[in-house]
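Since the structure comes first, as structure tokens, the remarks are kept for the end.
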Amino acid sequence: MSYLESAKTYTGQELETIFFRPMLTGQSAEELGIRILYNMPVPTTIQLWEANPNVLQKYTEAGWSGGEGATKYQKTIQLSRVKAELGFSAADYFSLVFELITARADVNMDDLSGTEVEQAETTLFKRSIAESIRATMWMGDTTAESGYNTFDGFLKTIKSFASTETIYSHTYDAEAIAQPEGALAIFENLWENASAKLQDLRAEGQLAFFVTSDLYYLYEKYLDSRGTESAYIDSVHGRRELAYHGIPIVDVRLGSYLAQSTTLDKSFAILTDRRNLVLAVNTADFPGNEVRMWYNPDVMENRQRAVFMAGCDVLDESLIVYAHKA
């Protein structure tokens with residue numbers, strides 16, 4: 001138990017390489033299905049360039065006949081300072097950490113080093129932070145008194161677009177999704193009402209439907225009902241991912257969170273370019289950003305705390321179409 005009582009603090013380069021970069025790059029980032037900016041300078045400003053599509057000129061005379069240059073737009077992602085804290089009783093914490101250690105085949109339980117315990121502690125806390133970031137980037141609402149209120153999430157922003165009619169928004173009811181074909185109808189509706197600008201981005205392979213689990217499973221049932229040999233095989237073995245006309249369908253996995261919300265839609269589908277949804281995390285540009293793990297002997301509790309900056313936003317509202325259940 002002595003190893004757990006040794007305080008450990010990660011700052012600077014350790015904070016980036018051990019904790020946050022593994023969570024926000026590579027396969028972990030791909031699983032989120034959106035654009036992630038890590039440790040970009042604060043304020044985090046994204047430059048958007050729209051090139052002039054008509055640059056061809058007649059070759060009739062000498063001289064310069066170039067037209068206007070590219071149009072530049074920019075969007076600033078507002079970052080909020082946040083902290084994550086966990087506390088476990090000594091007995092519970094010991095069990096959780098050592099469960100992670102015993103699952104490894106290369107560990108000698110008779111000769112545990114402090115490094116192995118530290119890695120298990122780190123893994124435990126990273127999982128909690130990653131899931132909290134994922135939930136907040138969708139569910140976040142800074143006006144809420146409790147819950148995910150550290151920064152505004154995508155759903156609040158998209159819902160505000162829909163309320164002001166700046167994006168196409170479709171409302172469906174329970175009857176519309178009573179049959180598996182209902183999910184297909186929603187996807188068709190979103191595609192048909194997407195802007196030409198959004199539809200043209202399909203060739204770049206970054207379009208995606210972000211849907212709640214009910215629509216994801218409903219569409220899966222529709223595919224199962226097709227009556228082909230491949231449908232039978234997929235119904236038995238499952239599908240690694242779903243797609244509609246080549247556009248991936250991403251299950252946002254928010255069912256348990258949405259059930260507790262009184263302001264957000266419980267069932268929805270969003271069609272957009274993945275790069276249009278941006279999550280920004282910064283652990284470098286502010287003093288005091290750290291991850292600390294320690295044991296409090298007064299209350300016999302192991303505690304963990306992370307302090308960092310995070311925020312998210314939708315870059316271009318014209319690249320969003322939205323459907324939700326009434």
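The values are calculated or read from the model by the stated rules, or taken from the named source; none is laboratory data. Bear in mind that the values here come from a model prediction, so they are computed numbers and not experimental data. FYI the Cβ positions are ideal-geometry reconstructions off the backbone, even for glycines, and counts take in every protein chain you see. Heads up: the accessible areas ignore ligands, DNA and RNA and are worked out on the full protein's heavy atoms, side chains in. Shrake-Rupley method; radii C 1.70, N 1.55, O 1.52, S 1.80 Å.
Odds and ends about this structure:
- A single member of 56, 155 is open to solvent by 50 Å² or more (accessible area, probe 1.4 Å) and modelled with pLDDT of 70 or more, and it is 56.
- Taken over the range 185-217, residues that are open to solvent by 60 Å² or more (accessible area, probe 1.4 Å) and of a type in the set (Phe, Trp, Tyr) amount to 1.
- Of all residues making up the range 157-178, the number that are β-branched (Val, Ile, Thr), part of a helix (DSSP H, G or I) and closer than 22 Å to residue 221 by Cα: 1
Residue-wise test of (1) charged (D, E, K, R); (2) touching a Cys at 6+ places or on another chain (Cβ under 7 Å); (3) at pLDDT below 95; (4) open to solvent by less than 50 Å² (accessible area, probe 1.4 Å).
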position	(1), (2), (3), (4)
114	no, no, yes, yes
117	no, no, yes, yes
121	yes, no, yes, yes
130	no, no, yes, yes
138	no, no, no, yes
144	no, no, yes, yes
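- Test: residue in the range 181-198 that is part of a loop (DSSP other than H, G, I, E, B) and modelled with pLDDT of 80 or more: yes
- Residue count for the range 266-300, restricted to those that are surrounded by 18 or more Cβ atoms within 10 Å (Cβ to Cβ) and charged (D, E, K, R): 3.
- Cross-chain or 6+ apart pairs with Cβ under 8 Å, the range 18-30 first and free of Cβ contacts under 8 Å to residues at least 40 places away in the same chain and open to solvent by 60 Å² or more (accessible area, probe 1.4 Å), then aromatic (Phe, Trp, Tyr) and not in a helix (DSSP H, G or I): 21/38
- Total residues in the range 303-326, condition more than 15 Å from residue 272 (Cα to Cα) and open to solvent by less than 30 Å² (accessible area, probe 1.4 Å): 8
- Members of the range 158-184 found to be exposed (fewer than 14 other Cβ atoms within 10 Å of the Cβ) and either over 20 Å from residue 253 (Cα atoms) or of a type in the set (Ser, Thr, Tyr) (or both), listed by number: 163, 164, 165, 166, 171, 173, 175, 178
- Residues of the range 8-28 that turn out to be in contact with a Lys or Arg (Cβ under 8 Å, 6 or more places away or on another chain) and assigned to a helix (DSSP H, G or I), as a count: 3
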